[in-house]
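The values are calculated or read from the model by the stated rules, or taken from the named source; none is laboratory data. Keep in mind that what you see is a predicted model, and the values were worked out from it rather than measured. All Cβ positions, glycine included, derive from the backbone under ideal geometry; neighbour counts span all protein chains shown. Note: accessible area is taken over every heavy atom of the protein model, side chains too, but ligands, DNA and RNA are not part of it. Shrake-Rupley method; radii C 1.70, N 1.55, O 1.52, S 1.80 Å.
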Amino acid sequence: MQPAEKPIRVRFAPSPTGYLHVGGARTALYNWLFARSRSGSFILRIEDTDTSRSTDEAIVQIISSMEWLGLGWDEGPGRPGAYGPYRQMERAALYRQASGQLLSEGKAYRCYCTEEELDEDRKRARAAGRPIVYCGRCRELSAAGEQAFIAEGREAVIRLRMPETGRTVVRDLIHGDVEFENAQLGDFILVRSNGVPTYNFAVAVDDAAMEITHVVRGDDHLANTPRQLILLAAMGKQAPAYAHLPLILGHDRSPLSKRHGSVSVEEFRARGYVREALINYLALLGWSYDAETTLFSVDELVEKFSLERVGSTAAVFDTEKLLWMNGHYIRVLSAGELEARIEEYIKGTSLEGLPGKDGKPGLAELVPLVQEKMKTLADFLDLTDFFFLPLEFEPEIIEKLRGSVQPAAVLEKAIQVLYELPDFDTGTIEASLRRAAADMDIKVGKFLQPLRIAVSAKMVTPGMFETLAVLGREESLARLKAALVLIQ
RNA sequence: GCCCCCAUCGUCUAGUGGCCUAGGACACCGCCCUUUCAAGGCGGCGGCGCGGAUUCGAAUUCCGCUGGGGGCACCA
């Protein structure tokens with residue numbers, strides 16, 4: 001038997017420069033799923049070494065989106081662990097110690113090149129068709145030379161001394177072995193002149209220090225990986241396993257961005273998407289279980305997810321499919337749960353606080369009428385606002401009303417019939433209205449349409465019989481009479 | 001410019017040399033159901049980027065091309 005394997009530790013490491021993007025959410029989800037399915041730990045690490053773009057608001061946003069999605073972390077902000085702190089800017093001592101060691105061992109060196117010099121180098125390299133990497137001018141600086149630069153007032157960055165020959169292979173769980181020419185990599189910067197570590201350095205130090213076993217991240221980092229591998233080796237650390245996920249694209253196959261519409265988790269939430277749909281959809285964007293299954297609960301995902309079945313092709317984000325899936329999850333929510341989601345959702349909208357107030361119908365009455373028609377929580381507003389808000393008849397809708405089959409006669413008939421009903425429940429209403437339509441020799445659909453418009457000022461509503469019942473006799477009759485006046 | 005990744009219906013994908021007459025899902029179209037709209041049921045349309053090679057046999061392997069994407073920052 002093999003010795004017991006080290007417990008799995010994965011991390012999601014966003015840089016707090018904006019909202020949580022669906023691409024980031026998918027990366028977080030895959031990490032989370034992997035950790036959960038292998039009883040490992042999921043760590044949230046904030047990579048805020050870009051001090052000019054990182055903000056606290058972004059951290060709050062990212063955390064809120066992750067919590068909403070249900071992607072809880074075992075260690076990270078608000079959940080202290082043995083490997084903290086979990087914000088890179090709070091780990092400065094660690095990086096300083098690591099760079100100091102590299103420097104003293106001669107594995108890294110100070111570079112005093114100016115931006116102009118570097119720009120010049122790059123231009124020349126490009127013109128000559130050579131790879132654009134640091135030329136190594138400061139590699140073997142003498143102590144005297146260094147003093148001269150310092151006297152000039154130049155500030156130094158710290159660069160890693162990279163091998164000039166050989167190849168480095170990244171053993172990627174998704175892409176297989178990917179080889180890189182070391183000479184193409186260049187002596188990259190570990191520490192900026194202001195003392196703040198760069199991404200590649202901080203990542204390598206932290207992945208090692210936090211004992212990360214698997215790095216699951218976006219494809220855009222694949223080309224960085226050989227640098228991190230060499231750096232890790234220089235520090236005498238063991239490298240984690242890597243899995244690079246293909247990117248998510250927009251409809252035009254360019255990387256998904258704001259101009260493709262909603263891209264942040266927060267926006268989808270605001271537009272009435274439910275977490276179940278977003279999770280399921282994102283899980284399937286790049287991963288599949290078999291040839292048949294499309295619907296997965298979170299528990300099923302945890303049970304069935306594996307990195308082996310993650311594909312290597314970039315995927316186009318399809319809002320239509322997400323919308324369908326959202327409708328599906330809204331339909332399968334229990335009525336009580338959907339009420340809770342709607343209650344939460346309508347806060348801040350025109351319907352806030354209205355259901356159940358002043359004799360108005362409550363969510364419990366309304367949900368059964370609209371559940372199967374809703375594709376997003378936002379649809380609830382369109383579907384039910386006429387129960388609460390004053391009717392506004394657009395000129396076109398009045399025309400529709402006038403243009404329906406014998407509108408005045410139908411309205412009068414309905415008023416009379418509904419007025420005389422012994423009970424005002426759905427069944428009784430349906431029976432009487434169907435009889436009335438038959439009496440007038442009008443098809444039920446045609447008969448109901450003027451009532452629908454009269455009562456809602458809309459062409460599309462929940463079922464008419466249920467709607468009238470929920471509205472109540474008094475309100476229904478008042479609206480029918482008002483409509484009668486309107487068309488005369 | 002140099003390095004790397006990717007390539008099956010419009011989209012997400014199944015497929016690892018014969019089970020493929022290429023399967024499923026969304027979208028689309030038609031029919032059914034029907035009280036409007038949805039939902040649901042049934043059916044349909046639709047794809048292996050191109051060219052070579054290997055093989056008795058290739059969506060599946062190899063090479064080239066083309067196309068898309070990423071990296072080459074004191075961004076992550």
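Please give the per residue accessible area of chain A, computed with a probe of 1.4 Å over protein heavy atoms only, in Å².
With the other protein chains kept in place, chain A gives 48 Å² per residue.
Just to be sure I understand the model, the point goes 7 Å from the Cα along the line to the Cβ. What's the resulting A:Arg192 to A:Val133 distance in nm?
Here the answer is 2.4 nm between the modelled labels.
What Kirkwood hydrodynamic radius do you get for chain A when you take the inverse of the mean 1/r over all pairs of distinct Cα atoms, in Å? If you can, show how the numbers build up before the last one.
Working: mean 1/r = 0.0367 Å⁻¹.
Kirkwood radius, chain A: 27.2 Å.
If I compute solvent accessible area with a 1.4 Å probe over the protein chains, what percent of it on region A:260-387 is carbon and sulfur? Intermediate results must be reported in sequence, preceding the final value.
Working: 2760 of 5830 Å².
In region A:260-387, the share of accessible area belonging to carbon and sulfur is 47 percent.
Quick one: what Rg and Dmax do you get for region A:1-41 from the alpha carbons, in Å?
13.4, 47
For each pair in A:Lys373/A:Lys446; A:Lys360/A:Lys413; A:Lys107/A:Lys237; A:Lys360/A:Lys443, compute the distance between the two Cα atoms and list the pairs where it is over 24 Å.
Numbers: A:Lys373/A:Lys446 21 Å; A:Lys360/A:Lys413 26 Å; A:Lys107/A:Lys237 14 Å; A:Lys360/A:Lys443 31 Å.
Over 24 Å Cα-Cα: A:Lys360/A:Lys413; A:Lys360/A:Lys443.
Quick one: compute a quarter of the convex hull surface over the Cα atoms of region A:117-238 and quote it in nm². Working shown, then result.
Values: hull surface 36.5 nm².
Averaged projected area of region A:117-238's Cα convex hull equals 9.1 nm².
How large is the convex hull of the C-alpha atoms of region A:260-387 per residue, in Å³? Could you put the intermediate results ahead of the total?
Numbers: hull volume 15.1 nm³, N = 128.
Expressed per residue, the convex hull around the Cα atoms of region A:260-387 is 118 Å³.
A:Lys258: which lysines have alpha carbons under 22 Å from its alpha carbon, excluding same-chain residues fewer than 8 sequence positions away?
Once the sequence-local lysines are set aside, what remains near A:Lys258 is A:Lys321.
What aspartates and glutamates sit close enough to A:Lys347 to cross-link, taking a C-alpha to C-alpha distance under 20 Å and skipping anything fewer than 8 places away on the same chain?
Within the straight-line cut-off, A:Lys347 pairs with A:Glu67, A:Glu266, A:Glu267, A:Glu337, A:Glu339, A:Asp358, A:Glu365, A:Asp379, A:Asp382, A:Asp385.
What length, rounded to one decimal in nm, is gained on full extension from A:Met459 through to A:Ala82, with 0.36 nm per residue of separation minus their alpha-carbon distance? Please list the in-between numbers first.
Working: separation 377, 0.36 × 377 = 135.72 nm, distance 6.06 nm.
Length gained between A:Met459 and A:Ala82: 129.7 nm.
With +1 on each Lys and Arg Cβ and -1 on each Asp and Glu Cβ, and nothing else charged, work out how big the dipole of chain A is about its Cα centre, in Debye to the nearest 20. Please list the in-between numbers first.
Details: 58 positive and 69 negative charges, 181 e Å.
It works out to roughly 860 debye.
Per 0.36 nm of contour for each residue apart, how much would the distance between A:Ala209 and A:Arg271 grow if the chain were fully extended, relative to their Cα-Cα spacing?
Details: separation 62, 0.36 × 62 = 22.32 nm, distance 4.01 nm.
Extra length available between A:Ala209 and A:Arg271 comes to 18.3 nm.
Run lengths n ≥ 4 of DSSP H only: what is the helix-derived mean residue ellipticity at 222 nm for chain A, with -39500 (n - 2.57) per run over all residues, to the nearest 500?
Details: 20 runs with 225 residues, N = 488.
So the helix-based figure for chain A works out to -14000 deg cm²/dmol.
Of all accessible surface on region A:113-185 at a 1.4 Å probe, what whole percent is carbon and sulfur?
On the way: 2310 of 4770 Å².
Within region A:113-185, the accessible surface is 48 percent carbon and sulfur.
Under 20 Å from the Cα of A:Lys123, which aspartates and glutamates turn up, not counting those fewer than eight places away in the same chain?
The qualifying aspartates and glutamates are A:Glu115, A:Asp187.
Starting from the Cα-Cα distance between A:Asp56 and A:Glu365, subtract it from 0.36 nm times their residue separation and give me the gain in nm to one decimal.
Details: separation 309, 0.36 × 309 = 111.24 nm, distance 4.23 nm.
Extending this stretch completely gives an extra 107.0 nm.
Mind listing the lone cysteines of chain A, meaning no other Cys beta-carbon sits under 4.7 Å from theirs?
Taking the Cβ cut-off of 4.7 Å, the unpaired cysteines of chain A are A:Cys113, A:Cys135.
Which FRET efficiency value, to the nearest 0.05, do you get for A:Gln238 and A:Arg402 by plugging their Cβ-Cβ distance into 1/(1 + (r/R0)^6) with R0 = 60 Å? If you can, show how the numbers build up before the last one.
Values: r = 79 Å, r/R0 = 1.31.
FRET efficiency, A:Gln238 to A:Arg402: 0.15.
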